[in-house]
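For reference, the structure discussed in these notes is given below.
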Amino acid sequence: MKENKAYVYIVKCSDDSYYTGYTVDLDERLKIHNLGKGAKYTRARLPVSFVFTHECESKSLAMSYEYKIKRLNRKEKEDLIKGIISLDQIF
């Protein structure tokens with residue numbers, strides 16, 4: 001059975017920090033974050049907004065990208081957001 005497409009994303013929080021996650025529905029996930037029902041990290045840092053999204057062929061690939069992005073330092077995340085580096089370069 002083929003998995004549905006998923007997305008890896010980075011949101012910028014109100015305190016200028018970044019949070020990385022994955023989802024199958026970007027609009028719904030942003031809504032949930034901003035309602036304070038998303039990740040514990042973002043609840044105290046509302047509102048959040050997308051600064052990076054990438055469509056993946058599967059949930060497992062999105063989760064792999066999420067793991068790699070979370071291990072990047074702030075400068076590397078900003079380079080990814082700006083398109084200076086690609087997911088292929090960090091994967």
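No value in this document is a laboratory result; all are computed from the given coordinates. It should be emphasised that the depicted structure is a prediction, and the values quoted were computed from it without experimental measurement. Counting neighbours? That spans all protein chains shown, and the Cβs are built from the backbone with ideal geometry, glycine included.
Structure summary
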| item | result |
| --- | --- |
| Most mobile of Y67, Y41, Y18 in a GNM of the chain (Cα contacts under 10 Å) | Y41 |
| Pairs of lysines in the chain (C-alpha under 19 Å apart; 8 or more residues apart or interchain) | 18 |
| Label-point separation, V24 to S60 (7 Å along Cα→Cβ), nm | 1.6 |
| FRET E, pair K40, K5, Förster distance 22 Å, beta-carbon r, rounded to 0.05 | 0.25 |
| Helical contribution to [θ] at 222 nm, DSSP H n ≥ 4, -39,500 (n - 2.57), averaged over the chain, rounded to 500 | -11000 deg cm²/dmol |
| Correct option for P(r) over Cα pairs in 5 Å bins from 0, in percent [calculated from the coordinates] among [x] 3, 13, 18, 18, 18, 17, 9, 3, 1, 0, 0; [y] 2, 11, 15, 15, 16, 16, 14, 9, 2; [z] 3, 15, 26, 25, 19, 10, 2, 1, 0 | [z] |
